[in-house]
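S.K.: One structure, pasted below without further comment.
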Amino acid sequence: MSARIRFVLLGSGAVRNNPRRGGPAQILVVDDHVLMFDCGRSACTGLARAGVPAETVDRLLLTHLHFDHVTDVPYFVFVGWNNGRARPLRVYGPTGTAQFVERIVRPPFEQDITSRVGHGKDASLLDPDVVDVAAQGVVVEERGYRVSTIFTEHAGMPSLAYRVDVGDRRVVITGDGPPSPALTDFCRDSDLLVSECSGTAEFLAAQPWGAWHTNPQTLAAMATEANVQRVVIKHLVMEDITGDPRDSVRMGDAIREGYGGEVLVGEDGLSVDIT
Ligand SMILES: [Zn+2]
Ligand SMILES: [Zn+2]
């Protein structure tokens, strides 16, 4: 019997404190195993809404260390520990992730840890195992899935996109950054591409950080070229600044003009079964 695969977008927003969109975070559930990608603002609330106890998630994969993608990491680590995590947590991320986790878990929470350990908590399952991904390619193959990474261009910082292969099914989850020929190859024949789409080309051209991101036309071109079956867009920044939520819907329409597959405009809790 082939594996059950479900994608759930926990947070469809980005940096701004949008009340309807949490920060970047998503999960891919492969049978009973949960792979979590990024851990932005309210990611753990998103897990709870999806019915996934944080302590059961033992793989967290970070795309890059911009705060919108990682700000819920301490809460995720501590609530899993406090609830009685059964298996060690392993965190994958770009160069710098080990140092980030080391700094954000123990030093700020020294009093908390001492207090809980003093009341009988076992400190041994607190610290995650962290893998700084220093090379592209397969980073883990286990439990019926294979996870690969590619380096991506984004804001001059180490950044990764992830691909999960389960048998002949393929899901790609990007972080931030514009499409490239290498990323297009990486996405080839995906059943699902979960991509950032921060704003329209015109909007992004007017932002000092606009070149760091993907717009509907570049995304449509990449998804078409790569023969992707379905696209989910996330990291919907534009409406944060224009104040018009329909801007995200219109970006979906703009993608459909250049791409014949299915396009889903992300919202928190959106789930997609990969059959
Ligand atoms: Zn971001
Ligand atoms: Zn970023």
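The values are calculated or read from the model by the stated rules, or taken from the named source; none is laboratory data. Everything numeric in this text was worked out from a predicted model, so none of it was measured. When we count neighbours, we look across all protein chains shown, and the Cβ atoms used for this are built from the backbone with ideal geometry, even at glycine.
S.K.: Restricting to the range 193-237, name every residue that is touching a Leu at 6+ places or on another chain (Cβ under 8 Å), more than 16 Å from residue 264 (Cα to Cα) and within 15 Å of ligand 1 (Cβ to nearest atom).
M.R.: Once the filter is applied, which keeps residues that are touching a Leu at 6+ places or on another chain (Cβ under 8 Å), more than 16 Å from residue 264 (Cα to Cα) and within 15 Å of ligand 1 (Cβ to nearest atom), the range 193-237 yields 210, 211, 213.
S.K.: Take residue 202 and decide whether it is within 16 Å of ligand 2 (Cβ to nearest atom) and out of contact with any helix residue (DSSP H, G or I) (no Cβ under 6 Å at 6 or more places or on another chain). It would help to see each step written out before you state the result.
M.R.: Details: within 16 Å of ligand 2 (Cβ to nearest atom): no; out of contact with any helix residue (DSSP H, G or I) (no Cβ under 6 Å at 6 or more places or on another chain): yes.
No.
S.K.: Any chance you could count how many residues in the range 20-32 are over 19 Å from residue 67 (Cα atoms) and either in a strand (DSSP E or B) or within 12 Å of ligand 1 (Cβ to nearest atom) (or both)? Give the derivation first.
M.R.: Here is the first cut: in the range 20-32, the ones over 19 Å from residue 67 (Cα atoms) are 28-32.
With the extra rule that they be either in a strand (DSSP E or B) or within 12 Å of ligand 1 (Cβ to nearest atom) (or both), the set shrinks to 28-30.
So the answer is 3.
S.K.: Now, a different point. Tally time: how many residues in the range 103-119 are over 16 Å from residue 79 (Cα atoms) and either in contact with a His (Cβ under 8 Å, 6 or more places away or on another chain) or small (Gly, Ala, Ser) (or both)?
M.R.: Qualifying residue count for the region: 1.
S.K.: Among the listed residues 169, 143, 116, 103, which satisfies the condition of being more than 16 Å from ligand 2 (Cβ to nearest atom), of a type in the set (Lys, Arg) and at positive phi?
M.R.: Values: 169 fails: at positive phi; 116 fails: at positive phi; 103 fails: at positive phi.
Result: 143 is the single residue among 169, 143, 116, 103 that is more than 16 Å from ligand 2 (Cβ to nearest atom), of a type in the set (Lys, Arg) and at positive phi.
S.K.: Name the residues in the range 10-42 that are closer than 17 Å to residue 197 by Cα and among the acidic types (Asp, Glu), would you?
M.R.: Answer for the range 10-42, where residues must be closer than 17 Å to residue 197 by Cα and among the acidic types (Asp, Glu): just 38.
S.K.: Looking at (1) without any contact (Cβ under 8 Å) to a residue 12 or more places away in the chain; (2) in contact with a Pro (Cβ under 7 Å, 6 or more places away or on another chain), which one does residue 254 not meet, given that it meets all the others?
M.R.: (1)
S.K.: Turning to a different aspect of this structure: For the range 52-88, give me each residue that is among the small types (Gly, Ala, Ser) and either surrounded by fewer than 18 Cβ atoms within 10 Å (Cβ to Cβ) or closer than 16 Å to residue 9 by Cα (or both).
M.R.: Looking only at the range 52-88, we keep the residues that are among the small types (Gly, Ala, Ser), and these are 54, 80, 84, 86.
Hits for the range 52-88 are 54, 84, 86.
S.K.: Only helices (runs of 4 or more DSSP H) wholly contained in the range 49-160 count here; list those with 3 or more residues that are touching a Cys at 6+ places or on another chain (Cβ under 7 Å) and modelled with pLDDT of 95 or more.
M.R.: Details: elements: 67-70, 73-82, 97-105, 110-118.
In the range 49-160, 73-82 are the helices (runs of 4 or more DSSP H) which contain 3 or more residues that are touching a Cys at 6+ places or on another chain (Cβ under 7 Å) and modelled with pLDDT of 95 or more.
S.K.: Residue check: is residue 257 over 17 Å from the mean Cα position of the chain (by Cα), within 29 Å of residue 156 (Cβ to Cβ), at pLDDT 95 or above and of a type in the set (Asp, Glu)? Spell out the reasoning first.
M.R.: Numbers: over 17 Å from the mean Cα position of the chain (by Cα): yes; within 29 Å of residue 156 (Cβ to Cβ): no; at pLDDT 95 or above: yes; of a type in the set (Asp, Glu): yes.
No: the conditions fail for residue 257.
S.K.: Let me ask another. Might you check whether a residue that is at pLDDT below 95 and either over 26 Å from residue 36 (Cα atoms) or among the polar types (S, T, N, Q) (or both) occurs anywhere in the range 173-191?
M.R.: Taking the range 173-191 as the starting set, the residues that turn out to be at pLDDT below 95 are none.
Checked against the condition, which is being at pLDDT below 95 and either over 26 Å from residue 36 (Cα atoms) or among the polar types (S, T, N, Q) (or both), the range 173-191 yields no hits at all.
S.K.: Looking at the range 33-92, which of its residues are within 16 Å of ligand 1 (Cβ to nearest atom) and among the hydroxyl-bearing types (Ser, Thr, Tyr)?
M.R.: 42, 63, 71
S.K.: Within the range 129-143, work out how many residues are closer than 21 Å to residue 87 by Cβ, touching a residue at least 24 places away in the same chain (Cβ under 8 Å) and over 18 Å from the mean Cα position of the chain (by Cα).
M.R.: 2
S.K.: Please list, ordered by first then second residue, the pairs with beta carbon atoms under 7 Å, 6 or more apart or interchain, first in the range 104-118 and among the β-branched types (Val, Ile, Thr), second assigned to a helix (DSSP H, G or I) and surrounded by 13 or more Cβ atoms within 10 Å (Cβ to Cβ).
M.R.: Sorted first by the residue in the range 104-118, then by its partner, the pairs are 104/73; 104/74; 105/74; 105/77.
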